[in-house]
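What follows is a short report on a single structure.
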Amino acid sequence: MLRPFPLLALVSLPLWLAACSDPAAQNSGPAPRVVMTATIQPLAQSTLTLTGVVRARNEVPVAFQVSGRIAERLVEAGQPVQQGQLLYRLDPKDLAESVRVAKAAQAAARASLQTVQAEKRRTEQLIKQRFVSEQAKDQVELRFNEAKANLDRANAQLQQAEHGLTYANLTAGSDGVITDVTGEPGQVVAAGQRLGALATAQQSEIEVQLPEHIQPPQTGSADFAGQSLQLKLRSAAGSADSASLTRQARYSLNEQPAELALGRVLAVQLQLPAQNQQVLVPLAALDERGQQPQLWTVTDGKAQPHAVEVVALNAQSATVRTELPADSRIITLGTHLLEPGMAVRELKP
C-alpha cells in the first residue's frame, strides 16, 4: 500500500526551493514596525496661577549720603511717614572728626597762603630796587598760585565735611509708607547702600515673578476679599533673572481698594497666550533620550520626533509644552525603540 506523505513532500520541494531563490523575496526589507497612537489632549485650564505682591508704583530707595555706623533706627516696615521725618541716625563721632581735620587743613592752607603773600610783596619791592631778577618774581608767583589753590581745596573739603555731618540724619524725602527696612543699629553702611524703600504714591500695583519661558500676558485677575480685581500689564523685565530664572512683571489695578495694604500677598490668575498652552499626553509616549524630551508622530508612514518641554508628571500622564496642534496623533508605546525616518504602521483600533 502506497503512503501519500512522501509523494507530497517530493512535489512541494521544488516550490520551496524556488521561493528561497526568489530575489524579490530576499530584498523586501524589514516590515514596518506596528505602533499604537493616540490624540494629544489640550488642557482645559489655560490659566497660570501665581503669587503676587502688592507694591507701590513709585518706590524710592532709602540710603545715607555718607558712610558710617548706624546709631538708631526710628521706623518699621509698613509705617506711614511724613516729609522730613527722621528715619535713621548715624553715629556722628567720625563725621565730627572729619570736620575737625578739614578745619585744621583749612587753617594750614590759609597760613601758607599768607606766608607766600608776604614773600610776594617783599619780592616785588626788591625787584623795584633791582636787587633780584624777574625770574625770582615768577617763582614767587607760582608758589602764590599753588598756595591759593590749596586753600580753595581745603575750603571745599571743609564744606563737604560739614555737609556730611548734617547727612548723619536720614529723613523722608516725601510723604509715603516705608515698605521695608534692612538697616540695624550698629551696622556699618556705605554711602548709597539701600536700607529700605519709601513708597511715594498712593497708586498700587501687583508684582509677579513669571517662569522665564513665558511672555507676560496682557491681562489677568487677582483675588482679594472675595472679589476679583482686574489687572493690566504695565511693565515687564526685558530678560529673566539669572539666579531665580524668573521674569518680573507688574500689573496695574483697575480698582484701588482702600484695604489693599502694601506688601499683601494675593493669588493672581493670568490668561496664557496660545503659544504657552500645555497639552496632556500618556506617560509612555514621552521619549527622554537625547538632550531634550520628545514625542513621536507618524508622517507618511515614517516616525518623526518633536521636542517638548515637560511641565509636570504623574503616574499615568505628562503635561508638556509643544508646538504640535492639539489634534495631533502621537505614538504612545515603544518610543525608546524609534529612530527618525523609521518605517512604522499605525495600528488601527
- All strands (runs of 3 or more DSSP E) inside the stretch 231-310 with 3 or more residues being more than 29 Å from the chain's Cα centre (by Cα): 279-282, 294-299, 302-307
- Message: Out of the residues in the stretch 63-91 meeting the condition of being more than 30 Å from the chain's Cα centre (by Cα), assigned to a loop (DSSP other than H, G, I, E, B) and in contact (Cβ under 8 Å) with a residue 60 or more places away in the chain, tell me which one is nearest to A261 (Cα to Cα).
- Response: Q82
- Conditions (1) touching a residue at least 12 places away in the same chain (Cβ under 8 Å); (2) surrounded by fewer than 12 Cβ atoms within 10 Å (Cβ to Cβ); number of the one not met by E141: (2)
- Message: Here's a check for you: in the stretch 311-343, which residue that is in a strand (DSSP E or B) and of a type in the set (G, A, S) is modelled with the lowest pLDDT?
- Response: A312
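Would you point out the residue of the stretch 32-62, among those that are touching a strand residue (DSSP E or B) at 6+ places or on another chain (Cβ under 8 Å) and outside any strand (DSSP E or B), that is nearest to L87 (Cα to Cα)? It would help to see each step written out before you state the result.
Looking only at the stretch 32-62, we keep the residues that are touching a strand residue (DSSP E or B) at 6+ places or on another chain (Cβ under 8 Å), and these are 32-43, 46-62.
Subsequent filtering for residues that are outside any strand (DSSP E or B) retains 32, 36, 40, 43, 46, 57-58.
Numbers: P32: 78, M36: 70, I40: 59, L43: 52, S46: 46, R57: 21, N58: 19 Å.
Among them, the one singled out is N58.
Table: residues versus (1) free of Cβ contacts under 8 Å to residues at least 24 places away in the same chain; (2) within 20 Å of A105 (Cβ to Cβ); (3) part of a helix (DSSP H, G or I).
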| site | (1), (2), (3) |
| --- | --- |
| I127 | yes, no, yes |
| Q157 | no, yes, yes |
| E162 | no, yes, yes |
| V177 | no, no, no |
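The values are calculated or read from the model by the stated rules, or taken from the named source; none is laboratory data. Only a predicted model underlies this, so the values are computations on that prediction, with no experimental measurement involved. For neighbour counting, all protein chains shown are included, and Cβ atoms are generated from backbone atoms with ideal geometry for every residue, glycine included.
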